[in-house]
Amino acid sequence: MTEQEAEAAVAAHYGMLLGIQSPWRVKRARLEIAQRLVDIEVEHEPGRPVRCPQCQRECRRHDHSPERTWRHLDVMQFTTQIRARLPRCACEEHGVITLVPQWAEPGSRFTLMFEIFAVQVLIASASLTQGAELLRLDWDSVQRIMDRAVERGLKRRSTDEVTLVGLDEKSFGRGHNYVSVMTDHTQSRVLEVVKERTTAAAVALWESLPMEQRVKIVAASMDMGAGFAAATRQAAAQAKIVHDRFHVSKHLNEAVDKVRRDEHRRLMEKGDESLKHTKFLWLQSAAVEGEHAMAFADLCARELKTAKAWAYKELFVEFWTQPDAIQAHRFFDEWYATIMRSKLEPLKKVARMLRSHLSGLLNYFEYRITNAIAEGFNSRIQSLKAAARGFRSFENYRTRILFFCGKLDLAPDLPLAPCH
């Protein structure tokens, strides 16, 4: 076999491995031992017609673009790259356009097979930095792969079955920086993330859904802040507002703690340290055991305002166990009257707030949705923030959340059936 025949055989071999098909062909393949590199040169067969990437019409070949390279899967631990000059066609309708190669997406510097592998590595990696090390890429390249994966997944995603959603906020960066998040209750996924937690931000969340889908939403769970409710009435007026029971518990817990702190100050003036270091006992009473449980029982037996506030807070749990909205309304009226007769101002303040949002609380008994799914994503999002050591860019933060929590189809399609 002559040297030229050997080179042709090697080129044909790599052409089969890569799935390169006519009108493309592998021109030559070189092994650079010192650089640990396999370099594969691909060309569009001379004399073959070129087709416009937009209208698929056969066009005149205009010229070639400058040479580009694409990273491919490693061969025997050798970095493998494809190198080619892409023809440009002269389309009468669309002008001069560069052809899209068989092995990569437009604008990408990685082959389809490499991006599929990279997405799998990133999903399994503890951090983007770790994924970059495994892929032997720089951080920016990996971020671009992730950006394209999310963009690809959002284009493919179907929201036809979405009828119940949740609106929630998540911290972003330091200080009082927040983002707003929409989740899908049915499929337990994040649908969209936008900057800030304003009414305008919540409207943007709603508008991320196509109008024909938005009108199908029957209910949305949210906290009792004005922004989410106002945005829902503006952008999805047919959706019933369901106030999240976990946010209600948060407000009641804060009221109990306010009572404890006020009473603790008064007791300390008398030298009584009974309520010192007891915050956890009142907030997590069901979780305390052993000596702590005995100490908590002793506190409850005393005529403390904190104990009364805690008892009223625990009593409200029965609201959520009522069989229907009518019974729940009756229970709330009795509980509210009891609170109003007490002298516990922090609890009375929360009770008034709950009464002003009673319709949203009662809607729970029709739809039985909470923001538990959104809260469940908190730990995952917190781990993403910890792994990244915080985010300076909102766009990167959004990409990371949708990549890991959006249940998107992230990998590129393989138009060919390579023998790889």
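Observations on the model:
- Calculated log₁₀ intensity ratio I(q)/I(0) where the Debye formula runs over C-alpha points of region 255-354, q = 0.11, 0.23 Å⁻¹: -0.37, -1.21
- Based on Cα contacts under 8 Å between residues 6+ apart, region 307-420 shows a relative contact order of 18 percent.
- Full-extension gain in nm, Glu375 to Leu358, via 0.36 nm per residue minus C-alpha separation: 3.9 nm
- Rounded to whole Å, sorted largest first: equivalent-ellipsoid semi-axes of region 181-297, Cα gyration tensor: 42, 16, 11
- Here the extension length gained between Glu345 and Glu254 equals 31.5 nm, from 0.36 nm per residue of separation less the Cα-Cα distance.
- Computed with a 1.4 Å probe over protein heavy atoms only, the accessible area of Ile381 comes to about 0 Å².
- The mean sequence distance of close C-alpha pairs (under 8 Å, at least 6 residues apart), as a share of the length of region 209-272, puts its relative contact order at 30 percent.
- Residues Ser127, Ser249, ordered by accessible area of protein heavy atoms at a 1.4 angstrom probe radius and largest first, appear as Ser249, Ser127.
- Largest first, the residues Ile326, Ile339 sort by 1.4 Å accessible area into Ile326, Ile339.
- Summary: within the chain, the longest segment free of GluC sites (Glu not before Pro) located in DSSP loops with at most 11 other C-beta atoms within 10 Å is 304-420.
- Backbone N atoms of region 91-132 closer than 20 Å to the 7 Å Cα→Cβ label point of Arg51 belong to residues 91-107, 112.
- Inter-site label distance for Ala6 and Gln130 at 7 Å from Cα along Cβ, in nm: 4.5 nm
- Å³ per residue enclosed by the Cα convex hull of the chain: 210 Å³
- For the chain, calculated [θ]222 nm from helices alone, where every DSSP H run of n ≥ 4 adds -39500 (n - 2.57): -14500 deg cm²/dmol
- Taking all protein chains as they are arranged and a probe of 1.4 Å, the heavy atoms of Trp310 leave approximately 50 Å² accessible to solvent.
- Relative contact order [Cα under 8 Å, 6+ residues apart], the chain, whole percent: 16 percent
- On a per residue basis, region 104-244 carries 43 Å² of accessible surface, using protein heavy atoms and a 1.4 Å probe.
- Where trypsin sites (Lys or Arg not before Pro) fall in DSSP loop in region 112-198, at most 11 other Cβ within 10 Å: Arg136, Arg174
- The share of accessible area on the chain that comes from carbon and sulfur is 51 percent, using a 1.4 angstrom probe.
- Rg/Rg_ref, region 311-398, where Rg_ref = 2.2 N^0.38 Å and atoms are Cα: 1.54
- Distance between the modelled labels on Phe280 and Ser383, one decimal in nanometres: 2.4 nm (7 Å Cα→Cβ projection).
- Less than 5 angstrom separates the built amide H of Leu37 from those of Glu32, all sequence-distant by 5 or more or on a different chain.
- Extension gain for Tyr367 to Asp138 (0.36 nm times residue separation, less C-alpha to C-alpha distance): 77.7 nm.
- Placed amide H near Phe391: partners under 5 Å, 5+ positions off or other chain: Gly173
- Translational diffusion of region 1-131, µm² s⁻¹ [Kirkwood Rh, Cα pairs; Stokes-Einstein; 20 °C; 1.002 mPa s]: 132 µm²/s
- The percentage of C-alpha pairs in region 190-258 whose separation is greater than 21 Å is 29%.
The values are calculated or read from the model by the stated rules, or taken from the named source; none is laboratory data. Predicted, not measured: the structure shown is a model, and the values here were computed from it. All Cβ positions, even for glycine, are placed from backbone atoms using ideal geometry, and neighbour counts span all protein chains on display. Heads up: the accessible areas ignore ligands, DNA and RNA and are worked out on the full protein's heavy atoms, side chains in. Shrake-Rupley method; radii C 1.70, N 1.55, O 1.52, S 1.80 Å.
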